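Student: Okay, here's the structure, questions in a sec.
The values are calculated or read from the model by the stated rules, or taken from the named source; none is laboratory data. All values reported here derive from a predicted model rather than from experimental measurement. Please note: Cβ atoms are built from the backbone with ideal geometry, for glycine as well, and neighbour counts cover all protein chains shown.
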Amino acid sequence: MAHDDLVEALRRVDGLDDVGLDPPNFHSRSRPFLHFHTDEQGIYADVRFGTGDFEPVPASTPEERLQLLARVADHVEHLSQSRKSGRKGPRRRQRLA
């Protein structure tokens with residue numbers, strides 16, 4: 001998988017929005033989630049898998065890109081499922097007396 005293929009696949013993940021386009025910069029739930037860097041060791045993605053800081057994830061080789069895509073897709077799906085399961089139904093407004 002080439003880097004451009006990874007970016008296109010990330011754009012197809014439900015729950016991710018590419019707000020940067022060039023360079024790609026992805027948000028999840030309206031919060032910064034994933035962006036890319038290049039250094040002397042290659043390409044890596046900074047990804048926020050939890051509520052804390054970004055985690056650097058290697059993305060230089062085709063195998064690393066596939067692993068990154070799988071990990072991101074699983075995480076975003078988990079977020080979506082936990083959000084849906086946390087809903088208790090429609091909210092009702094209480095009438096004021």
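Student: Taking the condition loosely packed, with under 13 Cβ neighbours inside 10 Å and of a type outside the set (A, V, I, L, M, F, W, C), does Arg29 pass?
Tutor: Spelling it out, Arg29 is indeed loosely packed, with under 13 Cβ neighbours inside 10 Å and of a type outside the set (A, V, I, L, M, F, W, C).
Student: Also, quick follow-up: Report every pair of residues separated by at least 6 positions or lying on different chains whose Cβ atoms are under 7 Å apart, first residue within segment 1-16 and surrounded by 13 or more Cβ atoms within 10 Å (Cβ to Cβ), second small (Gly, Ala, Ser).
Tutor: If the second residue must be small (Gly, Ala, Ser), the pairs left are Leu6/Ala59; Val13/Ala73; Gly15/Ser28; Gly15/Ser80; Leu16/Ser28.
Student: Something else now. Determine which member of the set Thr51, Thr38 is farther than 16 Å from Leu10 by Cα, among the β-branched types (Val, Ile, Thr) and part of a loop (DSSP other than H, G, I, E, B).
Tutor: Among Thr51, Thr38, only Thr51 is farther than 16 Å from Leu10 by Cα, among the β-branched types (Val, Ile, Thr) and part of a loop (DSSP other than H, G, I, E, B).
Student: Just for segment 39-54: of the residues that are under 12 Å from the mean Cα position of the chain (by Cα) and closer than 18 Å to Pro24 by Cα, which one is surrounded by the most Cβ atoms within 10 Å (Cβ to Cβ)?
Tutor: Result: Ala45.
Student: Return the total of residues in segment 1-30 being more than 17 Å from Glu77 (Cα to Cα), out of contact with any helix residue (DSSP H, G or I) (no Cβ under 8 Å at 6 or more places or on another chain) and part of a loop (DSSP other than H, G, I, E, B).
Tutor: Counting residues in segment 1-30 that are more than 17 Å from Glu77 (Cα to Cα), out of contact with any helix residue (DSSP H, G or I) (no Cβ under 8 Å at 6 or more places or on another chain) and part of a loop (DSSP other than H, G, I, E, B) gives 5.
Student: Within the group Leu79, Leu34, Leu96, Leu21, which residue is touching a Phe, Trp or Tyr at 6+ places or on another chain (Cβ under 7 Å) and either of a type in the set (A, V, I, L, M) or at pLDDT below 90 (or both)?
Tutor: The unique qualifying residue is Leu34.
Student: Select from segment 16-69 the residues that are hydrophobic (A, V, I, L, M, F, W, C) and under 16 Å from Asp5 (Cα atoms) and list them in ascending order.
Tutor: Leu16, Leu21, Phe26, Leu34, Phe36, Ile43, Ala45, Ala59, Leu66, Leu68, Leu69
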